[in-house]
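Colleague: Starting off with a structure, shown below.
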Amino acid sequence: MLKNFFKFGKKKKDEEQKNTLENQIEKEIEDSQSEIDKIKAETEKEIKKTAEEILGKNIEKSENNEKNFEKEKIENLKTEETEEKLDEKTKGKPKLKPLKDRLATPKKGFFGKLKEMLLGKAIDDDLYEELEELLIQSDIGMNMTMQLVEELEKSVSRKKLKTSEQIYDELKELLKAKLVYNDENSTKLKLQDGKLNILLVVGVNGVGKTTSIGKIAKKLKDSGRKVIIGAGDTFRAAAIEQVEEWGKRTGVEVIKQAHGSDPAAVIFDTVKTAKNRGFDVAILDTAGRLHNKRDLMKELEKINKIIREQSGETDFETLLVIDSTTGQNGLEQARIFNEIVDLTGIILTKFDGTAKGGIIFPITEELKKPIKFIGVGEGIEDLREFDTKEFVEAMFE
């Protein structure tokens, strides 16, 4: 019995130890879980903090990127606008070919023959006779030819020139001297700011008068001036249509009346409109076909009177258009117009199409008037302001 008592006591003790151990284990598990929860909470807090920091940086970076993108976009737009403006300014303005390229025909013709004839020849009477013949054939005209040859002979004697090369160089200088009325100031249009400037354009039919008016209007408009055209050649229906077409092409206003109307009435309307509406330049076309010199004189006198009365100006440009290919006929036209009106300058058209080219010397020397423009092609930019130095270099160099 005692033995069973001890067994019972031991069993009870074992159970107590087991319970104690289980309680300790449970407590340790609870403590461990609590520690794990604490660590987990701290870890989650750290993760959340880190995530917020990263997210914040990303948002800031994104905002910065967006700002940079917008900034870059604005800069690109500004650049595009600038480029568009530059493109607009240069639009329709092709790079001009050098004058010498445009004048290949006259250079190869008259000027080329001149050099070919003189170089390597003996200086004698036969040489001077050949020179006279070439000059006359090249539209320089009888009077100027005799004058040039006489001046050349005197220079050869005075300077004791021995070779044909020296004669060629001397003749070049004599021809250059005939362009004396074409200095830098005289060849430019006389335009003043703050007032109405009148360009009266005269010339016979077929010389390129209307085309020249259109090209000049384009040049003046491109320079920032407000331009109006008066279609005063009412005797020719095609002339009115041509002026209208040039007006559309260049964006220049055109004043016109019906075919057969009084040209002076068109001039009156144009100058009055230009004066009242603050135009800078009025370009006035005139009839190119009149029956005789007397009719031409009466018509131009009436037009000049209207211009003076309506504009209040007595000093204005009167430009004569001459076709270079007409040679001596062109010179005769210039003489007649010069007697009738006070010409201020010449527009020499189609110069690129003549193999002669000598007309430029007597027309400016005899009339004592400058060449304002020279036509060297079909394009709008091919009506060039005449530059004596550029012309001489293109022809002789």
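The values are calculated or read from the model by the stated rules, or taken from the named source; none is laboratory data. It should be emphasised that the depicted structure is a prediction, and the values quoted were computed from it without experimental measurement. With ideal geometry, Cβ positions are generated from the backbone for all residues, glycine too; neighbour counts draw on all protein chains shown. To get the accessible areas, we keep the full protein, side chains included, count just its heavy atoms, and leave off ligands, DNA and RNA. Shrake-Rupley method; radii C 1.70, N 1.55, O 1.52, S 1.80 Å.
Colleague: Testing LEU220 on (1) assigned to a loop (DSSP other than H, G, I, E, B); (2) closer than 19 Å to GLY345 by Cα, one condition comes back false. Which one is that?
Modeller: Unmet condition: (1).
Colleague: While we're looking at this one, here's another question. Scan (1) outside any loop (DSSP other than H, G, I, E, B); (2) farther than 29 Å from HIS259 by Cα; (3) in contact with a Phe, Trp or Tyr (Cβ under 9 Å, 6 or more places away or on another chain) for the single condition GLY358 breaks and write down its number.
Modeller: Of everything listed in (1) outside any loop (DSSP other than H, G, I, E, B); (2) farther than 29 Å from HIS259 by Cα; (3) in contact with a Phe, Trp or Tyr (Cβ under 9 Å, 6 or more places away or on another chain), GLY358 misses just condition (1).
Colleague: Can you work out which of the residues in region 305-322 that are open to solvent by 10 Å² or more (accessible area, probe 1.4 Å) and hydrophobic (A, V, I, L, M, F, W, C) is nearest to GLY203 (Cα to Cα)?
Modeller: In this case the residue turns out to be PHE316.
Colleague: While we're here: Which is open to solvent by less than 20 Å² (accessible area, probe 1.4 Å), under 27 Å from GLN192 (Cβ atoms) and aromatic (Phe, Trp, Tyr), of PHE268, PHE279?
Modeller: Just a single option satisfies the conditions, and that option is PHE279.
Colleague: Filter region 162-182 down to residues that are open to solvent by 80 Å² or more (accessible area, probe 1.4 Å) and within 25 Å of LEU348 (Cα to Cα) and give me whichever is modelled with the highest pLDDT.
Modeller: Ranking the qualifying residues of region 162-182, first place goes to GLU173.
Colleague: What pairs come out if I take residues in region 167-188 that are under 26 Å from GLU116 (Cα atoms) and in contact (Cβ under 8 Å) with a residue 12 or more places away in the chain and pair them with residues that are open to solvent by less than 80 Å² (accessible area, probe 1.4 Å) and part of a loop (DSSP other than H, G, I, E, B) whose C-beta lies under 7 Å away, six or more apart or interchain?
Modeller: ILE167/ILE123; ILE167/LEU161; TYR168/LEU119; GLU170/LEU161
Colleague: Do you know which of the residues in region 381-397 that are in a helix (DSSP H, G or I) and surrounded by fewer than 19 Cβ atoms within 10 Å (Cβ to Cβ) is nearest to the chain's Cα centre (by Cα)?
Modeller: GLU381
Colleague: Considering only residues that are open to solvent by 10 Å² or more (accessible area, probe 1.4 Å), closer than 19 Å to GLY112 by Cβ and more than 24 Å from the chain's Cα centre (by Cα), which ones fall in region 323-353?
Modeller: THR325
Colleague: Tell me yes or no: at least one residue of region 120-142 is of a type in the set (Val, Ile, Thr), under 19 Å from GLU393 (Cβ atoms) and either open to solvent by less than 30 Å² (accessible area, probe 1.4 Å) or over 42 Å from the mean Cα position of the chain (by Cα) (or both).
Modeller: For region 120-142, residues of a type in the set (Val, Ile, Thr), under 19 Å from GLU393 (Cβ atoms) and either open to solvent by less than 30 Å² (accessible area, probe 1.4 Å) or over 42 Å from the mean Cα position of the chain (by Cα) (or both): absent.
Colleague: Where the second residue is of a type in the set (A, V, I, L, M) and open to solvent by 30 Å² or more (accessible area, probe 1.4 Å) and the first is in contact (Cβ under 8 Å) with a residue 40 or more places away in the chain and closer than 15 Å to LYS215 by Cβ and lies in region 237-253, which pairs have Cβ atoms under 8 Å and are six or more apart or on separate chains?
Modeller: VAL243/VAL254
Colleague: Across region 284-298, which residue is farthest from the chain's Cα centre (by Cα) among those that are surrounded by 17 or more Cβ atoms within 10 Å (Cβ to Cβ) and within 24 Å of LYS368 (Cα to Cα)?
Modeller: Here the answer is LEU296.
Colleague: Still on this structure, I have one more. Residue under question is GLY206, and the condition is that it be on the phi > 0 side of the Ramachandran plot and under 27 Å from the mean Cα position of the chain (by Cα); does it hold?
Modeller: yes
Colleague: Determine whether ALA238 is open to solvent by 30 Å² or more (accessible area, probe 1.4 Å) and over 21 Å from the mean Cα position of the chain (by Cα).
Modeller: Yes.
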